[in-house]
Amino acid sequence: LKVKGEEYFDIEGFLVANPDGTQIGEITELMQMPGQMMATVKTLNGEKFIPLNEHFVVLIDRQKKLVVVDLPEGLLDL
């Protein structure tokens, strides 16, 4: 899977943040699910699952080890 020319690989350990810079957590595992890749993210409120697709991933900065996501409201509450 790709997002704006980026492939989802080797991003375990990357920090996940909102577009405003608010940190969500750290990617601890990547899972290939039917139709998309999912990231397990360790947050202050436990593990959360974030779909990695072109709709949610805004930026992957490999130098900063950062993934910026714009998630629908409530997704992290599941």
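The values are calculated or read from the model by the stated rules, or taken from the named source; none is laboratory data. Since this is a predicted model, take the numbers as computed values, not measurements. Glycine also receives a Cβ, built like all others from the backbone with ideal geometry; neighbour counts cover every protein chain displayed. Note: areas computed on protein heavy atoms with side chains; ligands, DNA, RNA excluded. Shrake-Rupley method; radii C 1.70, N 1.55, O 1.52, S 1.80 Å.
The C-beta contact set for the stretch 57-78 (first residue under 14 Å from residue 18 (Cβ atoms), second residue part of a strand (DSSP E or B) and open to solvent by 40 Å² or more (accessible area, probe 1.4 Å), distance under 7 angstrom, 6+ apart or interchain) comprises 66/15; 68/58; 68/59; 69/58; 70/58.
How many residues are modelled with pLDDT of 95 or more and touching a Gly at 6+ places or on another chain (Cβ under 9 Å) if we restrict to the stretch 51-78? Of the residues in the stretch 51-78, 2 are modelled with pLDDT of 95 or more and touching a Gly at 6+ places or on another chain (Cβ under 9 Å).
Looking at the stretch 22-39, is at least one residue on the phi > 0 side of the Ramachandran plot, surrounded by 11 or more Cβ atoms within 10 Å (Cβ to Cβ), at pLDDT 85 or above and not aromatic (Phe, Trp, Tyr)? Scanning the stretch 22-39, I find at least one residue that is on the phi > 0 side of the Ramachandran plot, surrounded by 11 or more Cβ atoms within 10 Å (Cβ to Cβ), at pLDDT 85 or above and not aromatic (Phe, Trp, Tyr), so the answer is yes.
Restricting to the stretch 56-78, and then to whatever is within 11 Å of the chain's Cα centre (by Cα) and closer than 16 Å to residue 10 by Cα, can you tell me which residue is surrounded by the most Cβ atoms within 10 Å (Cβ to Cβ)? Result: 67. Under the condition of being over 16 Å from residue 70 (Cα atoms) and open to solvent by 100 Å² or more (accessible area, probe 1.4 Å), which residue from the stretch 40-55 is nearest to the chain's Cα centre (by Cα)? Residue satisfying both the conditions and the ranking: 42.
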